[in-house]
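The numbers here are math on the coordinates, done by the rules we state, and not lab data. Note that the structure is a prediction, hence the values are computed from the model and not measured. We place every Cβ from the backbone using ideal geometry, glycine too, and count neighbours over all the protein chains shown.
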Amino acid sequence: MFTALLSFFVIFVAADIFFAAAVLYHLRQYTLPGWNAAKVVIPAYVGLSLLFLGLAIWSFLRITFIP
């Protein structure tokens with residue numbers, strides 16, 4: 001059971017990283033030249049994503065697996 005959940009969790013995290021990279025790429029690529037808020041939004045997005053990733057890993061490790 002642990003192996004199945006771990007593989008699902010890794011796939012979920014990989015998909016999340018892929019979509020986050022896509023969002024950051026498009027935000028960086030298609031930002032209007034005069035819009036300086038991207039310099040604040042990108043680090044905030046990365047910081048919150050890392051925080052939520054840490055919470056997801058912590059929550060996953062706290063699951064009790066009965067053999």
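Odds and ends about this structure:
- For the stretch 1-46, chymotrypsin sites (Phe, Trp or Tyr not before Pro) meeting the loop criterion (DSSP other than H, G, I, E, B) and having at most 10 other Cβ atoms within 10 Å: TYR30, TRP35.
- Largest-first ellipsoid semi-axes for the stretch 9-61, taking √(5λ) over the Cα gyration tensor eigenvalues, angstrom: 26, 13, 4
- Pairwise label distance in nanometres, THR31 with ILE17, each label 7 Å out on the Cα-Cβ vector: 2.3
- Angle between the chain longest axis and helix 38-61 axis [Cα atoms, degrees, rounded to 10]: 0
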